[in-house]
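Contents: one structure, followed by commentary.
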Amino acid sequence: MMKIVPPKPFFYKGGEKAVLLLHPFTSNTIDMKKLGRYLQKNNYSCYAPLYSGHGLTAEELLTHRPSDWWQDVLNGYKLLKDKGFEKIAVIGLSLGGVFALKVGQELEINGVVTMSVPIHREANFLQKRVFHYAKGYKQLEGKNEEQIKMEK
């Protein structure tokens, strides 16, 4: 069985302006790294929190709730404030875009960018996302199709 290294939050030191980068549901900070590096090269400091349970097994993911992920976003904002950043913008992708809009409503922020914000929250769509996530993770673990179907 292959050892899976879970993704981690990241901080890229750039200039005096900071950007909070928020990843999608069933994804992780890897989706935000290219954008983070681009922004860093353009003199922005970037932090991307990892939502609780993300980057782990689907079973672990399902032990967390949107309120936990929102707390991860708040902690990310606080980390940037604690590092002394006064000008903070937020960029979110999909679920991260929903959180970015909430950040814009509730916190002191200098700009909000949203990308691919979901407009439908149908339970079966979210369930399919979790099943797809679980299957991909189990394949990374080296499990065959038969084993994956048994664990479904």
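The values are calculated or read from the model by the stated rules, or taken from the named source; none is laboratory data. Bear in mind that the values here come from a model prediction, so they are computed numbers and not experimental data. Because the Cβ atoms are built from the backbone with ideal geometry, glycine has one as well, and the counts that use them run over all protein chains shown. The protein model used for the area step is the full one, side chains on, heavy atoms only, and it has no ligands, DNA or RNA in it. Shrake-Rupley method; radii C 1.70, N 1.55, O 1.52, S 1.80 Å.
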Per-region count, the range 1-36, residues open to solvent by 60 Å² or more (accessible area, probe 1.4 Å) and over 17 Å from the mean Cα position of the chain (by Cα) = 6
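Residues checked against (1) modelled with pLDDT of 95 or more; (2) among the small types (G, A, S); (3) farther than 17 Å from V117 by Cα:
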{"residue": "V5", "(1), (2), (3)": "no, no, yes"}
{"residue": "K17", "(1), (2), (3)": "yes, no, yes"}
{"residue": "K34", "(1), (2), (3)": "yes, no, yes"}
{"residue": "L50", "(1), (2), (3)": "yes, no, yes"}
{"residue": "G53", "(1), (2), (3)": "no, yes, yes"}
{"residue": "E60", "(1), (2), (3)": "no, no, yes"}
{"residue": "R65", "(1), (2), (3)": "no, no, yes"}
{"residue": "Q71", "(1), (2), (3)": "yes, no, yes"}
{"residue": "G104", "(1), (2), (3)": "yes, yes, no"}
If only one of F125, F85, F99 is open to solvent by 30 Å² or more (accessible area, probe 1.4 Å) and either at pLDDT 95 or above or in a helix (DSSP H, G or I) (or both), which one is it?
-> F125
Identify, by number, the condition in (1) buried (at least 22 other Cβ atoms within 10 Å of the Cβ); (2) not charged (D, E, K, R); (3) not in a loop (DSSP other than H, G, I, E, B) that Y51 doesn't meet.
-> (3)
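Results for (1) within 18 Å of F10 (Cβ to Cβ); (2) open to solvent by 50 Å² or more (accessible area, probe 1.4 Å); (3) in contact with a Pro (Cβ under 8 Å, 6 or more places away or on another chain), shown as yes or no for each residue.
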| site | (1), (2), (3) |
| --- | --- |
| Y38 | yes, yes, no |
| T57 | no, no, no |
| L62 | no, yes, no |
| D72 | yes, no, yes |
| K78 | yes, yes, no |
Give the residue that is nearest to P24 (Cα to Cα), with candidates limited to residues of the range 62-105 that are touching a Ser or Thr at 6+ places or on another chain (Cβ under 7 Å), touching a residue at least 40 places away in the same chain (Cβ under 8 Å) and aliphatic (A, V, I, L, M).
-> L93
